[in-house]
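All remarks here apply to the structure that follows.
All of the numbers you see were taken from the coordinates with simple rules; none came from a lab. Because the structure is a prediction, the values reported are computed rather than measured. Note that we place each Cβ from the backbone using ideal geometry, even for glycine, and neighbour counts take in every protein chain shown.
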Amino acid sequence: MGWNDPHDHRVEVKGPADLERMRRAGSILRVLCDEVARRVQPGIPTEELDRVFARGVERFGAKSAFYGLYGFPGHICVSINEEVVHGIPSPKRFLQEGDIVSLDMGLVLDGFCSDTAISLPVGEVNEEKKRLLATARRALALGIQACRAGNRLGDVGAAIQQCAEAAGFTVVREYTGHGIGRALHEPPKAPNFGTLGKGPRLQAGWVLALEPMINAGTWRVETLDDQWTVVTQDRRPSAHFEHTVAITVNGAEVLT
Ligand code: MG
């Protein structure tokens with residue numbers, strides 16, 4: 001889930017015991033994300049994906065981090081095509097051949113949160129959507145590579161933005177990645193755009209949820225009347241990938 005709270009405060013440094021808990025939360029979230037992703041196929045209602053996740057977290061004694069957060073009615077977010085983030089699962093909304101679908105999910109286990117997202121093709125998709133998915137995935141990988149202690153937060157955003165724009169795509173400005181820990185959304189805001197050498201220095205012990213939202217057309221977005229679903233203004237497709245990443249003395253450690 002993205003964050004647009006403008007109030008940034010201090011970034012909490014996680015100690016070894018906290019990180020160990022976050023590793024466990026992340027590894028379970030990875031298992032569940034793969035389980036939900038395997039269900040993606042033409043003809044299924046998006047609510048079915050929500051149910052798979054809800055049952056899964058229960059099995060592990062965890063909880064959905066999204067359900068009820070700011071009043072969100074689903075256990076995960078399911079966003080199709082021009083929907084960028086925060087799509088609400090529904091028994092009346094069916095995946096169709098040629099769609100791309102973004103699955104954004106988070107859980108709380110033993111007091112710590114984890115957050116991840118993946119975008120997938122539904123059956124066979126067109127060339128533009130294939131390229132968009134590959135670019136967004138790569139943008140996240142490059143952002144993670146830039147997550148080194150001593151680097152600046154702007155280096156991370158710049159890596160993501162350059163990757164997207166070099167491919168002719170754009171980066172959503174209004175929603176960003178975020179720090180994560182006991183709360184799903186903690187400082188700092190981690191924008192998917194930025195300037196090399198600018199912003200605060202990354203420190204070992206920070207944990208960030210990096211989540212590039214890459215659009216085929218304009219970067220501008222708007223929110224539908226349901227007050228949740230964020231869509232591209234031009235209704236061209238969007239892709240979203242996210243990992244929870246710990247910054248360690250040895251570089252980035254992907255927890256999800
Ligand atoms: Mg998030």
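The set of residues from segment 163-186 being touching a residue at least 12 places away in the same chain (Cβ under 8 Å) and farther than 30 Å from residue 21 by Cβ comprises 163, 164, 167, 169, 170, 171, 172, 173, 174.
Condition check ((1) of a type in the set (Asp, Glu); (2) farther than 19 Å from residue 183 by Cα) across all residues:
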| residue | (1), (2) |
| --- | --- |
| 37 | no, yes |
| 40 | no, yes |
| 50 | yes, yes |
| 86 | no, no |
| 91 | no, yes |
| 98 | no, yes |
| 108 | no, no |
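Can you work out which of the residues in segment 238-256 that are more than 29 Å from residue 221 (Cβ to Cβ) and not aliphatic (A, V, I, L, M) is nearest to the chain's Cα centre (by Cα)? Result: 253.
So is residue 30 of a type outside the set (S, T, N, Q), over 24 Å from residue 216 (Cβ atoms) and part of a helix (DSSP H, G or I) or not? Working first, answer last.
Values: of a type outside the set (S, T, N, Q): yes; over 24 Å from residue 216 (Cβ atoms): yes; part of a helix (DSSP H, G or I): yes.
Judged against the criteria, residue 30 is a match.
Scanning segment 214-235 for any residue that is away from the ligand (no atom under 16 Å from the Cβ) and touching a Pro at 6+ places or on another chain (Cβ under 8 Å) turns up at least one such residue. For first residues located in segment 36-47 and of a type in the set (A, V, I, L, M, F, W, C), partners that are crowded, with 16+ Cβ neighbours inside 10 Å and part of a helix (DSSP H, G or I) and lie 6+ apart or on another chain with Cβ distances below 7 Å form the pairs 36/49; 36/52; 36/53.
Considered as a group, the residues in segment 195-208 that are outside any strand (DSSP E or B) and buried (at least 23 other Cβ atoms within 10 Å of the Cβ) include one that is farthest from the ligand (Cβ to nearest atom), and that residue is 202. Filtering segment 89-108 to residues that are assigned to a strand (DSSP E or B) and more than 16 Å from the ligand (Cβ to nearest atom) leaves 94, 100, 101.
On the basis of being away from the ligand (no atom under 16 Å from the Cβ), surrounded by fewer than 22 Cβ atoms within 10 Å (Cβ to Cβ) and closer than 21 Å to residue 189 by Cα, does residue 61 make the cut?
Numbers: away from the ligand (no atom under 16 Å from the Cβ): yes; surrounded by fewer than 22 Cβ atoms within 10 Å (Cβ to Cβ): yes; closer than 21 Å to residue 189 by Cα: no.
When the stated conditions are applied, residue 61 does not pass them.
Just to verify a result, which residue in segment 187-206, among those that are touching a residue at least 40 places away in the same chain (Cβ under 8 Å) and touching a Phe, Trp or Tyr at 6+ places or on another chain (Cβ under 9 Å), is farthest from residue 236 (Cα to Cα)? Selected residue: 188.
Could you grab me the full set of residues in segment 110-127 that are assigned to a strand (DSSP E or B) and away from the ligand (no atom under 16 Å from the Cβ)? It would help to see each step written out before you state the result.
Keep residues of segment 110-127 that are assigned to a strand (DSSP E or B), which gives 112-121.
Across segment 110-127, the qualifying residues are 120, 121.
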